[in-house]
1. Out of Glu31, Glu4, report the one residue that is more than 21 Å from Tyr87 (Cα to Cα), open to solvent by 40 Å² or more (accessible area, probe 1.4 Å) and either of a type in the set (Ser, Thr, Tyr) or not in a strand (DSSP E or B) (or both).
2. Of the residues that sit in the stretch 212-224 and are under 15 Å from the mean Cα position of the chain (by Cα) and not acidic (Asp, Glu), which one is nearest to Met39 (Cα to Cα)?
3. Just give me the residues in the stretch 7-28 being in a strand (DSSP E or B) and among the β-branched types (Val, Ile, Thr), in sequence order.
4. Filter the stretch 190-205 down to the residues that are of a type in the set (A, V, I, L, M), within 15 Å of Glu173 (Cα to Cα) and open to solvent by 10 Å² or more (accessible area, probe 1.4 Å) and list them by number.
5. Are there strands (runs of 3 or more DSSP E) fully within the stretch 46-129 with at least 2 residues that are aliphatic (A, V, I, L, M) and either at pLDDT 95 or above or farther than 26 Å from Asp201 by Cα (or both)? List them.
6. May I ask you to verify whether Asp134 is under 20 Å from Glu11 (Cα atoms), under 27 Å from the mean Cα position of the chain (by Cα) and not aliphatic (A, V, I, L, M)?
7. Considering only the stretch 187-204, state which residues are small (Gly, Ala, Ser) and over 11 Å from Ser123 (Cα atoms).
Amino acid sequence: MKRELPVYNIEGTDFIVDVANLQFQEKANPENVIPVFDMRDVGDGYVFDYSPKEKNIPALFSDDTDVRTVKIPELVQLDPVGMAEKYGYTVHNVQGKTDFELMVDQQAFGRRLMGQLPTVDISGHTFFVDIRMDMLRPKDDFLSNGIVFRQIDHYYNDEQKAYIIPYNPKTHEFKELDYDNITAIPSDLIVVSFPHESVLDPVGFNGKGGWDETNGLKETNIKSHFEAKVVDWKETGIEETIQENIRKQHKQQQQSKQIDESRKTGKRQRRGPKL
C-alpha cells in the first residue's frame, strides 16, 4: 500500500512533503512545486521568500507586495520515514540526525576535512583532484602536465554536466585538437568524460570560492573517488568535422590545380609562334 505523504501548511496553503523529489508540492495544484534547493539552507531548516498570491517563491518581476520570509523545518523532522527510505536508514536510526548527516556521505566528508584529496580514475590511471593547482594531477607521473581545468573549460557540456575531452592515455594529458584541419581520428587519443570540479571536490571548490565548506553539499553530496567514462569518438560529432575538412581540403586542392593549369596555359600563349 502506497504511503500517504505528510502535509505541511505554508501561509495557509497545504503542501505535500515530497522527500523523494526533494520538493514541496501544492496539494490542490500538483503542478505547483517548490524545490528544496531553491531555498536557503540555514542549517536547522530552510528559508525562502514566499508569495501567498503565487503560492510559490515570487517570480523575478512579481507584482505581489505581500511577499513573506518563511522558514520551514528540516526534512527529517517533516518526514522521517521518507528520509529513512531515501537514504537507506531505518526510521530509528534517523532520530536525532540532521538533513546534512543523512544527505551527505559523512565518511567521505571526514576524509576530505582531514586533507585527503578526491581521486579520478581515467583509463586506468589515478588523478588527484587538486583544486588549489586548478588541475587533475596524475599520480606517480611528474613529467605529465596533467589536465588543467582552465584549459578545458570550453569542453564542458552543459547538457551532460561533464567535461568531454580528448585525452592521451600514454602521457596522461589533455590534448587540444586542431578542429580546422583535422582529417582523421587521432590514433593516440581517446575521449573521456568526468564531472565539473565543483562535483569532483565540492569542499575544495567552496574553499577556493571563499564559501563555507559545506555549501551545496546536500545537493551534490561528496565522493572520495570517481571513474571517468570513455566516450566513443562517434558521439562527439568529430566525424562530421573530419568530413567537412576533407571536402574543404579537396576543394582547395582543386582550386590550386586549376590555378597551376591556368598559369601553364598563360605561359604557352605568351611564347608566340616559332620561326
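1. Only one candidate qualifies: Glu31.
2. By that ranking, first place goes to Gly216.
3. Those that are in a strand (DSSP E or B) and among the β-branched types (Val, Ile, Thr): Val7, Ile10, Thr13, Ile16, Val17.
4. Ile190
5. The qualifying strands (runs of 3 or more DSSP E) are 68-72, 119-122.
6. No: the conditions fail for Asp134.
7. Ser187, Ser198, Gly204
Matching residues to (1) modelled with pLDDT under 95; (2) over 18 Å from the mean Cα position of the chain (by Cα):
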{"position": "Tyr167", "(1), (2)": "no, yes"}
{"position": "His172", "(1), (2)": "no, yes"}
{"position": "Ile182", "(1), (2)": "yes, yes"}
{"position": "Val192", "(1), (2)": "no, no"}
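The values are calculated or read from the model by the stated rules, or taken from the named source; none is laboratory data. All figures in this text were calculated on a predicted structure; none of them were measured in a lab. Counting neighbours? That spans all protein chains shown, and the Cβs are built from the backbone with ideal geometry, glycine included. These accessible areas exclude ligands, DNA and RNA; they are computed on the full protein's heavy atoms, side chains included. Shrake-Rupley method; radii C 1.70, N 1.55, O 1.52, S 1.80 Å.
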